[in-house]
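Peer 1: Sending over a structure as structure tokens; questions will come in a sec.
The values are calculated or read from the model by the stated rules, or taken from the named source; none is laboratory data. Source: prediction; values computed, not measured. Note: ideal-geometry Cβ built from the backbone for every residue, glycine included; neighbour counts use all protein chains shown. Note: accessible area is taken over every heavy atom of the protein model, side chains too, but ligands, DNA and RNA are not part of it. Shrake-Rupley method; radii C 1.70, N 1.55, O 1.52, S 1.80 Å.
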Protein chains: 2
Amino acid sequence: MTINCVLSDVPYKEQYFDQTIDHFNFVSYGQKTFKQRYLLQDKWFDAVNKGPIFFYTGNEGSITSFWNNTGFVFDIAPQFGALVVFAEHRFYGKSMPFGADSFKGNNIGLLTIEQALADYAVLINKIKKTYKATKSPVITFGGSYGGMLSAYMRFKYPNLVDGAIAASAPIYLMSKVIDPSQFFVRVTSDFKQSNPICSANIRKAFTTMKSMASSGPAGLKTLSEKFRLCSQLNETSYDHMVGWIRNAFVSLAMFDYPYPTNFMSEIPAFPVDKSCGFMVNTTDIVAGLAQISALFYNGTNGKLPCFDIWEEYVECADPSGCGVGPNSLAWDIQACSEVPMLFSTDGQQDMFPPKPYTPQMRVDYCKTKWGIVPRDQWAGLNLWGKDILSSSNIVFSNGGKDPWAFAGVLHNLSANLTSVIIPDGGHHLDLRGHNVNDPPDVFKARELEKYNIRLWINTAFLRNKNN
Amino acid sequence: MTINCVLSDVPYKEQYFDQTIDHFNFVSYGQKTFKQRYLLQDKWFDAVNKGPIFFYTGNEGSITSFWNNTGFVFDIAPQFGALVVFAEHRFYGKSMPFGADSFKGNNIGLLTIEQALADYAVLINKIKKTYKATKSPVITFGGSYGGMLSAYMRFKYPNLVDGAIAASAPIYLMSKVIDPSQFFVRVTSDFKQSNPICSANIRKAFTTMKSMASSGPAGLKTLSEKFRLCSQLNETSYDHMVGWIRNAFVSLAMFDYPYPTNFMSEIPAFPVDKSCGFMVNTTDIVAGLAQISALFYNGTNGKLPCFDIWEEYVECADPSGCGVGPNSLAWDIQACSEVPMLFSTDGQQDMFPPKPYTPQMRVDYCKTKWGIVPRDQWAGLNLWGKDILSSSNIVFSNGGKDPWAFAGVLHNLSANLTSVIIPDGGHHLDLRGHNVNDPPDVFKARELEKYNIRLWINTAFLRNKNN
């Protein structure tokens, strides 16, 4: 999972909090703290009427990028008189527990979901004190891994959190009920739904490429030119290029929004349909693949003269991609420790070249790279796996076009564990701001979320009154 | 808090489990494990009908002592077809994460409530797998700090725990709603309720002693003789002796049971009444105090020729006492890190010599002794303080004569967060086995607990069926 940013025009105050480095040990780091960043907007806060705190549980990126892609919170904050806080996840953005040494040696051991949740608990408490808002209900928001964190805050800290919006949160990654091979099957479906010839041709194109690459230097040279690569391909880098292409498909499927967005680069409206346009009306399907890759890596601007596949794509413990830069290191560690994403492709169920990813491959990689052996059972136990029925006051939203939905909560589990599907939605479209091109379903989903937030706030007030 | 043991005749299998040393860090201790002890009795287990697992969350002592003092679980296990497991808390008994080095250096950082709860979660999962009991409901049991752990397992791991009996669990220690000075006020009340002259004379006796001690060597010599001390008192050891006496009162009040029990030594039935007998019908009230101390430290057997106050009482971060031996070290660390027990005496509200215990005194002691600075806010947030309403399926029982009840849940909080008071009960009397001398109230409390356990089990089955 990797999210990048587009600038929004809602201003914020950038603040830093002295956060405990190790919540779970009173000795190893003693009283040491680090500067945790959070963004704040209090102009809508109705302190007199105990307005709620809308707390965004930041995920694997700079918190500013989430601020800039989560317009829903700002759209509704005025109606609720809410204080808006976006907290940055430790080891991402500017919230580095050990500064430039954060990814060295034992320091990475402090990067866990448990520590991140504890950070948020402590920060919520601090915000409540600062704003004399101890009676303010708290609603958490988050998308993707941040949606998991939003739900987990309600699971583990219901003393602090009255309700949670968990958008496109693949929480069942932590259980054994899902089949991880479904991730790339779902990516494939998006292209198949756009046009069955599209996905068929993409599969064919990969096969053709493979023949070209196997044919020797001439084939590799042709491929290098077709894909406008900065360096000539060889047998090793060919595999990397396949990963680089597959990674483009993941992002185009996730961010298949009905209007242009700006992530790594400018992505047009309906990028899957746009991509399929390159595949169905062409005699050169390999060139079509190259156009799709360029669409993602170069964007509609098309400024890059050539593509550096090593710079633009880094293989890591998460086959859906870790992004690039320091944030990608942090996510790699998390994929190695608590978030299992064993997504393989086989070219049969999905349209991609076969690329297995077994538990043992993950262990080997993680041990070599980080000295970490995954402990999946632990995350499943601590974060409840599929057994979440004893929780309450969570809306789980999922987009019908989002490949991550395969690991999401797709049915209502109880009167106050609600699922909402946005058939035409991509990855947490509902968290984005209102847009004239939005499908009606996302409007309905946001209304349901607002209804539930109002309900949770009222319940919290009733409880406070009786307490 | 300190609990010791009497032998029961229910046999157990003593087993050891390779437990993760650090659940919250994937790097520092890597995959290292330690041998966690647990006791098991499966003769009543009805595997065919998915009998429940009764899981005792061991607290600050050897798990065998809890096995031997928790007859209630064995009394009801046959009716429920339950598998009985008693898990030992890390750093106590034989469950030493670093063997003989467990209390050295940074090793003590692994002694936290969070690690203990995680141990239990992982162990429950293991037991379920071993016994192919994945559909078996799990009910946790615990008394005192173990009662807190029992409730916390339901708070934090409701995916694993279907309901909890939390007997005499002072969970509000983790909040600011309680007045910690009330602990010794409640100890005083027990003696006052037995006979108002008793508590008045105890207070007077302490004042007389103080005069005697201040009068010089002769006074100290008389006191040493009256109390049958092994070493002659001096000005410093006088203060220690006062702590040693006060500690006897705490235990006599806690274990004020209607039949003889065996803790450190043989304690008679109704030890508070027995103690008051020494105080009200005597002209020498100081000698009365000595008799009370002897009653606790020597027991009804009276085998000790003299009392070694340094051996028998160790001052620590918990003014209610940490016991002696290695277990007392572990509890001292816990009192220094997560469990605040700021119990003072003032001689006005209570009958004891004034002895303040401020947050700063605790910090100073803990820093010097263990290099730990308490982080009370953390435990309050993580373990929910007073905000526990979002939990369910817990019975909180408290004894009217138990000084710890001041920090317990004394009212029903919801339909499934139930409080039951046993007016004539001491510290978790309900967890003890049935006894002909039991007051009727404890019978009723146990019936209510059984009713709730049955309800939780049925609910769990219904949920499993619909899942």
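Peer 1: Shortest first and in nm to one decimal, what separations exist between B:D101 and its copies in the other chains, measuring from label points 7 Å along the Cα-to-beta-carbon line?
Peer 2: 2.2
Peer 1: About its Cα centre, what dipole magnitude does chain A give when the only charges are +1 on Lys and Arg Cβ and -1 on Asp and Glu Cβ, stated in debye to the nearest 20?
Peer 2: Rounded to the nearest 20 debye, it is 1040 debye.
Peer 1: Same structure, new question: As an exercise, identify the chymotrypsin sites (Phe, Trp or Tyr not before Pro) in segment A:322-384 lying in DSSP coil whose Cβ has no more than 13 other Cβ atoms within 10 Å.
Peer 2: Nothing satisfies the criteria.
Peer 1: Additional query: Provide the percentage of antiparallel DSSP beta bridges, counting only those with both residues in the protein assembly as shown; round to the nearest 5.
Peer 2: Roughly 40 percent of the DSSP beta bridges within the protein assembly as shown come out antiparallel.
Peer 1: Within the accessible area of segment B:182-370, what % is carbon and sulfur when the probe is 1.4 Å and the other protein chains stay in place? Please list the in-between numbers first.
Peer 2: Values: 4170 of 7570 Å².
Roughly 55 percent, rounded to a whole number.
Peer 1: A further question on this structure: When the helices in the protein assembly as shown are scored as -39500 (n - 2.57) per DSSP H run of 4 or longer and the sum is shared across all residues, what 222 nm value do you end up with, to the nearest 500 deg cm²/dmol?
Peer 2: The per-residue figure over the protein assembly as shown is -13000 deg cm²/dmol.
Peer 1: What does the charge dipole of segment A:182-370 about its Cα centre add up to, to the nearest 20 debye, if the Cβ of each Lys and Arg holds +1 and the Cβ of each Asp and Glu holds -1? Intermediate results must be reported in sequence, preceding the final value.
Peer 2: Details: 15 positive and 18 negative charges, 72 e Å.
Roughly 340 debye for segment A:182-370.
Peer 1: Would you pull out the residues with amide H under 5 Å of B:F141's amide H, same chain only if 5 or more places away, H placed 1.01 Å from N?
Peer 2: Those qualifying (amide H under 5 Å, at least 5 residues apart or on another chain) are B:F55, B:Y56, B:T57, B:I165.
Peer 1: Here's a follow-up. Output wanted: per-residue J couplings in Hz (rounded whole) for segment A:343-353, from phi through Karplus 6.51 cos²θ - 1.76 cosθ + 1.60, θ = phi - 60°, x for Gly and Pro.
Peer 2: After applying 6.51 cos²θ - 1.76 cosθ + 1.60, I find 8, 9, 10, 10, x, 9, 5, 10, 9, 9, x Hz.
Peer 1: From the phi of every residue in segment A:78-88, what ³J(HN,Hα) in whole Hz does the Karplus formula 6.51 cos²θ - 1.76 cosθ + 1.60 yield, where θ is phi - 60° and glycine or proline is x?
Peer 2: Listing the rounded values in order: x, 5, 9, x, 8, 8, 9, 10, 10, 9, 8 Hz.
Peer 1: To continue, here is another question. Run through the other copies and list how far each one's label point is from that of B:G216, in nm with one decimal, shortest first; the point sits 7 Å from Cα along Cα-Cβ.
Peer 2: 11.5
Peer 1: Would you work out which of B:W370, B:V286, B:Q360 lies farthest towards the positive end of the dipole of segment B:182-370, given +1 charges on the beta-carbon of Lys and Arg and -1 on that of Asp and Glu, about the Cα centre?
Peer 2: About the Cα centre, the residue reaching furthest to the positive side is B:V286.
Peer 1: Could you compute how much accessible area chains B and A hide from each other, both sides summed, with a 1.4 Å probe? Nearest 100 Å² is fine.
Peer 2: By this definition, chains B and A bury close to 4000 Å².
Peer 1: For B:A133, which sequence-distant residues (separation of 5 or more, or a different chain) have an amide H within less than 5 Å of its own amide H, given hydrogens modelled in the peptide plane?
Peer 2: For B:A133, whose amide H was placed from the backbone, there are no distant partners under 5 Å.
Peer 1: Tell me the angle of helix B:271-280 to the major Cα principal axis of chain B, expressed in degrees between 0 and 90 and rounded to the nearest ten.
Peer 2: 10 degrees
Peer 1: Summing +1 for each Lys or Arg and -1 for each Asp or Glu, what net charge is found among the other residues whose Cβ lies under 12 Å from the Cβ of B:Y120?
Peer 2: My count for the surroundings of B:Y120 gives +1.
Peer 1: Along Cα→Cβ at 7 Å, what distances in nm separate the A:P305 label point from those on the other copies, shortest first?
Peer 2: Label-point distances to the other copies, shortest first: 9.9 nm.
Peer 1: Nearest the rotation axis from A to B, which residue of chain A has its beta carbon, and at what whole-angstrom distance?
Peer 2: A:F24, 2
Peer 1: Farthest toward the dipole's positive end in segment B:179-318, which of B:G302, B:T188, B:T208, given Cβ charges of +1 (Lys, Arg) and -1 (Asp, Glu) about the Cα centre?
Peer 2: B:T208
Peer 1: Based on the Cβ-Cβ distance from B:N412 to A:N412, what FRET efficiency comes out when R0 is 41 Å, to the nearest 0.05?
Peer 2: Using R0 = 41 Å, I get an efficiency of 0.90.
Peer 1: For segment A:182-370, what does the alpha-carbon gyration tensor say about shape, rounded, prolate or oblate, given a ≥ b ≥ c as the root eigenvalues, a/c under 1.5 as rounded, and a/b over b/c as prolate? Provide the component values of the computation, followed by the final result.
Peer 2: Numbers: a/c = 1.38, a/b = 1.23, b/c = 1.12.
The shape class here is rounded.
Peer 1: Read phi for every residue in segment B:399-411 and hand back ³J(HN,Hα) as whole Hz from Karplus 6.51 cos²θ - 1.76 cosθ + 1.60, θ = phi - 60°, with x for Gly and Pro.
Peer 2: Each residue's phi maps through the Karplus curve to give x, x, 9, 8, x, 6, 4, 4, 10, x, 8, 10, 9 Hz.
Peer 1: Going by a 1.4 Å probe on protein heavy atoms, which residues of segment B:380-399 end up with at least 30 Å² less accessible surface in the whole assembly than in their chain alone?
Peer 2: In segment B:380-399, residues shielded by partner chains: B:L381, B:W384, B:D387, B:L389, B:S390.
Peer 1: Using modelled amide H (1.01 Å from N, peptide plane; none on Pro or chain starts), what sits under 5 Å from the amide H of B:E266, excluding residues fewer than 5 places away?
Peer 2: Correct list: B:T300, B:N301.
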